[in-house]
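The values are calculated or read from the model by the stated rules, or taken from the named source; none is laboratory data. Small disclaimer: the values here were computed from a predicted structure and weren't measured. When we count neighbours, we look across all protein chains shown, and the Cβ atoms used for this are built from the backbone with ideal geometry, even at glycine. Heavy atoms of the whole protein, side chains included, go into the accessibility calculation; ligands, DNA and RNA do not. Shrake-Rupley method; radii C 1.70, N 1.55, O 1.52, S 1.80 Å.
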Amino acid sequence: MASSARASSSGAWATPRPRVTWPPATPGATARPPGSRKFRQKVSQSQSQQALIAPKKRASGIVLALLGAIAFSAKAIIVKLAYRHGVDAVTLIMYRMLFALPIFAAMAWWASRGQPPLTRKDWLGVLGLGFSGYYLASYLDFAGLAYISASLERLILYLNPTIVLLLGWAVYGRGIRWGQALGMAVSYCGVVLVFGREVHLQGADVAWGTALVFGSAVSYAVYLVYSGELVQRLGSLRLVGLATSVACVLCLLQFALLRPLAAAWVAPEVVGLSVVNALLCTAAPVLMVMMAIERIGAGPAAQVGMVGPMSTILLGAVVLGEPFTPWVAAGTVLVLAGIFVFTRPARGAP
């Protein structure tokens, strides 16, 4: 019985094999697909290529997140430099949005290709989010930078995740974990430390500037809280392009209503700085951070973004000549440590 099986087996291999289909037509059949060895080799090569690509993709994502965070943080440095030429916040933000508008309009057009048109409800949402998240937040930030250092401004804006959580608790009744509460307390202590030092050195105007920048953080947090539904329906790129285009138009209208046309005549340095602000500190970081999130995810991208306050402090000291004191260093450490604790997942969470 065994010998006959071996004989038939050897005979089968001795003669040309019949053509078979894959997968086998009958359950339990053991016929191999033609060229299965080549197939396995191709699969192995594909897996090897993916294994090589994955680290490169992660590395590029980290670099993009790093550059995006630094570019975002450099915005405060550009604004402070422009203020040295006697321009005010209304005029300065007008120039920034004037140069950024074509980029954001092109972004909105690109993301809207082949998509259904916006409904009336969608347009109302875009208008509201554009007003809160980009127009009001940007204007309050620019206005506040006239009174406080770039370092303090960046530390205040870095509290944004805590404000989002507080709004979620107030609006939706979402709970707050003890770890999040601890992280918030540590972070706010850091801001208060730097704020107290600046008030002592520069006077009561620092309080007004701090209030304006904190209002900017609250305004952007409102955008984040209420943008979830529209992001799912329109997509992040389309929503960002439309909302920022709305904000650009609002900033231009604000200048037209509040300033005479002659106020647009500013120093050439202001125009050049506004171009840099619009391209390198506004449009480019938006794209870089979105590309980073696609490669490494939102969580790792946010962790890399923690370099933002440190880069602002370094640029402020080198470019603006702002003092780097032990108070600033201690406040920065507290803010970063608090946000790190705040963003850690709960024990047992996936």
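Things to note:
- Segments classed as helices (runs of 4 or more DSSP H), wholly inside the stretch 99-191, with at least 2 members that are under 23 Å from K80 (Cβ atoms): 137-144, 150-157
Each row is one residue, and each column tells you yes or no for (1) within 19 Å of V276 (Cα to Cα); (2) buried (at least 20 other Cβ atoms within 10 Å of the Cβ).
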| position | (1), (2) |
| --- | --- |
| F104 | yes, yes |
| W110 | no, no |
| Q115 | no, no |
| L124 | no, no |
| L127 | no, no |
| G130 | no, yes |
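- Counting the residues of the stretch 112-135 that are aromatic (F, W, Y) and closer than 16 Å to G235 by Cβ gives 1.
- Of the residues R197, R233, R177, R238, the single one that is open to solvent by 50 Å² or more (accessible area, probe 1.4 Å), touching a helix residue (DSSP H, G or I) at 6+ places or on another chain (Cβ under 6 Å) and of a type in the set (K, R) is R197.
- Enumeration of residues in the stretch 90-118 that are among the hydroxyl-bearing types (S, T, Y) and either modelled with pLDDT of 95 or more or more than 15 Å from A243 (Cα to Cα) (or both): T91, Y95
- Being open to solvent by 50 Å² or more (accessible area, probe 1.4 Å) and of a type in the set (V, I, T) holds for only one residue in V192, V206, and it is V192.
- Qualifying residue in the stretch 246-262 (condition: open to solvent by 20 Å² or more (accessible area, probe 1.4 Å), at pLDDT below 85 and over 30 Å from L201 (Cβ atoms)): no
- For beta carbons closer than 7 Å, sequence separation of 6+ or different chains, a first residue in the stretch 312-328 that is open to solvent by 100 Å² or more (accessible area, probe 1.4 Å) and a second that is assigned to a helix (DSSP H, G or I), the qualifying pairs are F324/I313; F324/A317; W327/L193; W327/V194; W327/R197.
- Contact annotation: residue pairs with Cβ atoms under 6 Å, 6 or more positions apart or on different chains, pairing a residue in the stretch 197-224 that is of a type in the set (F, W, Y) with a partner that is open to solvent by less than 50 Å² (accessible area, probe 1.4 Å), are F214/I156; Y220/G133; Y220/A137; Y223/L129; Y223/S132; Y223/G133.
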